[in-house]
Amino acid sequence: MGSMEASTAPENGTASAAAAAASTACNGAGGGGGAAAAASNGSGVERRLRSSAASASWASHLPLEVGTRVMCRWRDQKLHPVKVIERRKSSTSSSPADYEYYVHYTEFNRRLDEWVKLEQLDLETVETDVDEKVEDKATSLKMTRHQKRKIDETHVEQGHEELDAASLREHEEFTKVKNIAKIELGRYEIDTWYFSPFPPEYNDSPKLFFCEFCLNFMKRKEQLQRHMKKCDLKHPPGDEIYRSGTLSMFEVDGKKNKVYGQNLCYLAKLFLDHKTLYYDVDLFLFYVLCECDDRGCHMVGYFSKEKHSEESYNLACILTLPPYQRKGYGKFLIAFSYELSKKEGKVGTPERPLSDLGLLSYRGYWTRVLLEILKKHKSNISIKELSDMTAIKADDILSTLQSLDLIQYRKGQHVICADPKVLDRHLKAAGRGGLEVDVSKLIWTPYKEQG
């Protein structure tokens, strides 16, 4: 990729400059430095010879095999351990050095997997047979607790609890290489995170161009420009059910807008590793959140829900697009799903299993909502009353309060222990609640199947 290639030349230049500076410092060190300089130069030559010998040794093993472990220079200009997932020839040359390698950074989430050039790999660190458990343990020991927490926050792995071992292996094999590296959506160019099963004719496209209003996708910028002259949409093809300031929410029926629903699923899968792609979108409603200006309504994120859920699920899938993350939109989408449940007169819960990121987001939402009620509510309040007030399922309330040590089991029933100082401490730890849903701006009638 461009950023990786750009980093290689400065690194080599820096190394050469450092070697020259070291040589100058050594040669000029003191009046009797001749012998020391000679010894230093000799050891430098010896190191270079050893390095050349090692490189020559590994050159005989090129191209590297799939499964090889090696250190790779990442965008932070540091070497990180990677595993070779796939390889491909980068030219028509028959040289074994003319290969690119698709690598997984073992410290990070799969979303950072990418194609790299041979010069980004440190061939002296090649390992072809490493016990994965030992390697993972060594990697975790090398990182400080702060580094590990920072990586976990940014690159936490999505869950696959619904898959058995065989299905998980099949999933990983099928999705191991990102087929689309970038997309253009509106004014943003976005690096993708995961594989998405686009039709085969799009798999050789390094970048796809999306119409931000109808979500049709093309291989070339010129195609998008021609399409935009004909596309008369300026917002998602559904009913606007909420507008507050510049924020709008549109409800899109998958049965009435099948192509839009399918294209939205293709797009979402580029950023959701655990998502199951539903080609039959008739059974779903999509709630698309937009930022609006004089050019139109630009998608920020969305959530979907089944029209009829026997398990009381009020959300099936949720995504905030990368350019809009860390701005409170994810919390807004979760809050909006519960406002719809209140309108329906039902309690709701997100579809299981939740990804790690999803569980963190929901636990944060549940924590803030419940703590704020407990803080205002002076008298005793039951879990059922909390559920009726918030539309949060009783099981989710119970698990959240248990995780905060705010509930005890006495005489056959659960009792909430709401000490004001403890509540304040938990509220401070929970952080900001994000954007609030102005219920007075929500104009919506619950879905009832026609006919």
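The values are calculated or read from the model by the stated rules, or taken from the named source; none is laboratory data. As the structure is a prediction and not an experimental result, all values here were calculated from the model. Virtual Cβ from ideal backbone geometry, glycine too; neighbours counted across all protein chains shown. Heavy atoms of the whole protein, side chains included, go into the accessibility calculation; ligands, DNA and RNA do not. Shrake-Rupley method; radii C 1.70, N 1.55, O 1.52, S 1.80 Å.
Given a 1.4 angstrom probe, what's the average accessible area per residue across the range 360-430, in square angstrom?
61
Under a Cβ-Cβ cut-off of 11 Å, what is the net charge of the residues other than Lys305 that fall near it, where Lys and Arg count +1 and Asp and Glu count -1?
Value of the local net charge: -3.
What does the charge count near Lys331 come to, summing +1 for each Lys or Arg and -1 for each Asp or Glu among other residues with Cβ under 10 Å from its Cβ?
Surrounding charge for Lys331 is +2.
Using the per-residue mean of other Cβ atoms lying within 10 Å as a proxy for protection, in what order, highest first, do the peptides 67-74, 187-194 fall?
67-74, 187-194
At 1.306 mPa s and 10 °C, plugging the Kirkwood radius over alpha-carbon pairs of the range 327-451 into Stokes-Einstein gives what diffusion coefficient in µm²/s?
In µm²/s, the coefficient is 101.
With a 1.4 Å probe and all protein chains left in place, how much of the accessible area of the range 360-430 comes from carbon and sulfur atoms, in whole percent?
Carbon with sulfur: 51 percent of the solvent-accessible area.
Checking the table Lys269/Lys441; Lys256/Lys448; Lys229/Lys327 against a 23 Å threshold on Cα-Cα, which pairs fail?
Lys269/Lys441; Lys229/Lys327
Residue by residue through the range 417-427, what is 3J(HN,Hα) from phi via Karplus (6.51 cos²θ - 1.76 cosθ + 1.60, θ = phi - 60°)? Round to whole Hz and write x for glycine and proline.
9, 10, 6, x, 5, 5, 4, 4, 5, 5, 5
State whether the range 360-430 is rounded, prolate or oblate according to the following rule on the C-alpha gyration tensor (a ≥ b ≥ c being the square roots of its eigenvalues): a/c under 1.5 gives rounded; otherwise a/b larger than b/c gives prolate, and the remaining case gives oblate.
rounded
At 1.4 Å probe size, with the rest of the protein present, what percent of the exposed accessible area of the range 59-127 is carbon and sulfur atoms?
48
In terms of modelled amide H atoms, which long-range or inter-chain residues lie less than 5 Å from the amide H of Leu435?
The answer is Phe332.
Compute the length gained on full extension between Glu124 and Gln325: take 0.36 nm times their separation in residues and subtract their Cα-Cα distance, giving the result in nm to one decimal.
This chain segment gains 68.5 nm when fully extended.
Taking only the alpha-carbon positions of the range 276-389 and ignoring solvent, what does the Debye formula give for the base-10 log of I(q)/I(0) at q = 0.12, 0.20 Å⁻¹?
Those come out to -0.50, -1.21, one per q.
Nearest 0.05, what FRET efficiency do Ile373 and His308 give at R0 = 35 Å with Cβ-Cβ as r?
So, using R0 = 35 Å, E works out to roughly 0.75.
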